Amino acid sequence: MDKPLTDPKMDPTLDHPQAPHQSLDPEDWTVFRAQSHQMLDDMLNFIEHLRERPVWQPIPQTSRAKFQVSLPHQPQSLASAHQTFMEDILPYGPGNSHPGFMGWVQGGGSPVGMLAEMLAAGLNANTGGRDQMPVEVERQIVRWMRELFSFPDSASGVFVTGTSMANLMAVLVARTVALGKNVRQDGVKAAEKQLTAYTSIEAHGCVAQAMDLAGFGTTALRRIPSNDAFQMDTAALRAAIEADRAAGLQPFFIVGTAGSVDVGAVDPLNDIADIAAQEKCWFHIDGAFGALGMMSPQVAPLLHGIERADSIAFDFHKWGQVQYDAGFLLVRDSTLHMDAFAAPVAYLRRETRGLAGGSPWPCDFGPDLSRGFRALKTWFTLQVYGTEKLGKIISQTCDLAHYLTQQIAQHPTLELMAPVALNVVCFRYRGQSTNEAATINLDDLNRDIVADLHESGLAVPSTTTIRGQLAIRVAIVNHRTDQRAIDTMLNGVITLGRERCAAETK
Ligand SMILES: *Cc1c(COP(=O)(O)O)cnc(C)c1O
């Protein structure tokens with residue numbers, strides 16, 4: 001137990017009457033405790049019986065209406081608020097915890113992560129800084145990530161919302177390296193030469209957005225073509241850098257993708273690392289879901305070269321199955337990382353002892369000051385499951401993608417739209433005969449099939465555009481997705497496609 005405060009000089013008992021006091025703690029902890037246990041049980045039941053529910057279902061107007069009321073002035077019981085949650089919120093979530101969810105790249109979360117979230121919320125730590133164990137837990141994750149990616153002990157890391165934020169921060173670090181710390185006062189307008197950045201056309205949209213938000217503008221980002229495997233064409237990268245140098249511009253930042261959002265392609269990271277080194281550019285990797293493939297012996301070799309990056313952005317909430325949100329930025333050189341964000345202000349003065357000790361703080365590595373305890377759910381997930389098990393889950397999603405690819409190859413009405421490198425499969429329904437394919441707009445047909453499937457509650461794939469054609473995109477990320485869920489989705493596509501084609505050609 002904690003040491004009681006015994007020094008009477010430090011805690012004199014005041015014998016004058018106490019002023020009335022308002023607090024948000026329950027008046028009756030016994031009643032509150034019973035309600036708490038009920039809420040925990042309800043959530044465990046939800047997760048245990050997920051498979052029996054639709055993946056997604058449309059929100060009834062009555063439920064929406066309950067969240068369009070005026071500000072509550074009077075209290076309502078916790079039990080009744082919880083009942084609203086059970087009836088009007090819980091059934092109408094996004095479905096990403098469900099095994100049938102395979103649209104977009106999203107993780108499934110875990111029961112362990114859920115409990116860790118509860119503990120973190122109970123502690124209510126603000127992890128912006130100071131000498132507290134929650135910050136030490138975050139440092140443990142930084143140390144583990146150095147180990148996973150073979151980064152040096154001088155590397156730093158920080159939790160953020162997601163990879164969109166981590167990519168933006170990487171641009172800011174690279175900017176400060178390229179232009180010097182004065183850029184923080186003078187802005188990019190003071191640069192002698194215009195800075196240019198490079199990524200593949202397959203890169204996630206948030207890379208261009210990061211260039212926009214950082215003040216460079218999206219036109220300063222060169223979108224390098226990709227090869228047949230949807231990987232960055234490194235000869236085109238070299239040519240683009242050369243052309244920009246010849247035009248008097250200053251190449252400063254190259255983003256490689258480890259697991260592209262559309263098809264799961266991995267850029268030739270080692271070749272890009274060579275080019276970045278020769279060209280003295282910052283080499284950043286968007287490994288939003290793919291980077292944690294390092295935990296899978298099957299995927300890790302495909303990420304060769306990731307250990308050479310200057311920075312890696314990734315999400316624990318995707319392949320890592322940690323509850324939302326848990327993005328992360330790892331930077332090889334902690335000094336360069338701090339140079340972009342640390343700011344001396346009086347109210348954040350560091351001390352050598354007391355709670356204001358323990359510098360540097362997480363707020364020195366990013367724009368957030370107040371921040372929650374994302375490290376705890378990540379620590380629990382890594383600690384309780386271990387990287388071997390999490391790696392097996394990652395391998396399993398790739399195996400399922402392979403299984404789906406084989407099924408597609410065997411079915412004459414289906415067509416694979418892109419090679420499958422990891423866990424993302426893009427395909428489409430193309431009708432029973434060439435005759436049908438000629439008369440039916442396949443983009444519309446496949447868009448309709450996907451929307452039908454969503455509304456059926458059976459499965460949730462998404463769509464994307466591959467080389468100008470609409471494709472059904474199946475991104476298998478969730479640890480709960482199994483062969484049965486894949487079969488259900490595929491049977492749904494085939495049945496709905498057949499029905500729609502029959503109706504159209506009648
Ligand atoms: C998901 C994803 C992102 C965006 O990450 P968020 O965590 O959603 O901000 C960026 N890049 C790739 C490749 C992604 O898959």
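Using the Cβ-Cβ distance between Leu355 and Phe32 with R0 set to 22 Å, the FRET efficiency works out to roughly 0.15. Take the Cα of Ala343, step 7 Å toward its Cβ, do the same at Gln383, and the gap between the two points is 3.4 nm.
Mind jotting down the distance between the C-alpha centroids of the range 14-82 and the range 232-269, whole Å? Taking the Cα centre of each part, the range 232-269 and the range 14-82 sit 50 Å apart.
Treat every Asp and Glu Cβ in the range 126-372 as -1 and every Lys and Arg Cβ as +1, leave all other atoms uncharged, and give the resulting dipole magnitude about the Cα centre to the nearest 20 debye.
Working: 21 positive and 28 negative charges, 144 e Å.
In total the dipole reaches around 700 debye.
As a rough footprinting exposure proxy, the listed residues Met211, Met114 were ranked by other beta carbons within 10 Å of their own, and the order from fewest upward is Met114, Met211. If a paramagnetic tag sat 7 Å from the Cα of Asn270 along the Cα-Cβ line, which residues of the range 284-316 would have the backbone N under 14 Å from that point? Residues 300-309 fall inside that zone. Taking a label point 7 Å from the Cα of Ala451 along the Cα→Cβ vector, which residues of the range 49-66 have an amide N closer than 20 Å to it? The answer is 55-61, whose backbone nitrogens lie closer than 20 Å to the label point.
For the chain, the residue among Ser70, Phe101, Ile275 whose Cα projects farthest onto the positive side of the dipole built from Cβ charges is Ile275.
Spatially close Lys pairs in the chain, defined by Cα atoms under 17 Å apart and a spacing of eight or more places or different chains, total 7.
I want the antiparallel fraction of DSSP beta bridges within the chain, as a percent rounded to 5.
Just about 55 percent of them are antiparallel.
Near Ala276, within a Cβ-to-Cβ distance under 9 Å, what is the net charge of the other residues, with Lys and Arg +1 and Asp and Glu -1? Before the final figure, lay out each step's value.
Working: positive: Lys280, Arg308; negative: Asp274, Glu279, Asp310.
Computed value for this residue: -1.
By the count of neighbouring beta-carbon atoms within 10 Å, fewest first, Arg33, Arg332, Arg374, Arg146 end up ordered Arg33, Arg146, Arg332, Arg374. If R0 is 41 Å, the Cβ-Cβ spacing of Phe85 and Glu499 corresponds to a FRET efficiency of close to 0.65.
State whether the range 126-372 is rounded, prolate or oblate according to the following rule on the C-alpha gyration tensor (a ≥ b ≥ c being the square roots of its eigenvalues): a/c under 1.5 gives rounded; otherwise a/b larger than b/c gives prolate, and the remaining case gives oblate. Judged from the Cα gyration tensor, the range 126-372 comes out oblate (a/c at least 1.5, b/c at or above a/b).
Which shape class applies to the range 356-432: rounded if a/c is under 1.5, otherwise prolate when a/b exceeds b/c and oblate if not, where a ≥ b ≥ c are the square roots of the Cα gyration tensor eigenvalues? Show your work: numbers first, answer last.
Numbers: a/c = 4.96, a/b = 2.55, b/c = 1.94.
Prolate.
Simple point charges give the picture: +1 on the Cβ of Lys and Arg, -1 on the Cβ of Asp and Glu, and for the chain a dipole about the Cα centre of about 600 debye.
Here the residues Val322, Val137, Val69, Val460, ranked from fewest to most Cβ neighbours within 10 Å of their Cβ, fall in the order Val69, Val137, Val460, Val322.
Residues of the range 182-226 falling in the label zone of Arg467, defined by backbone nitrogen less than 18 Å from a point 7 Å along Cα to beta-carbon, are 201-203, 224-226.
Taken together, the values in this text are just the output of simple stated rules run on the coordinates, not laboratory data. Not measured: the values here are computed from a predicted model. A quick note on method: Cβ atoms are made from the backbone with ideal geometry, for glycine too, and the neighbour counts reach across all protein chains shown.
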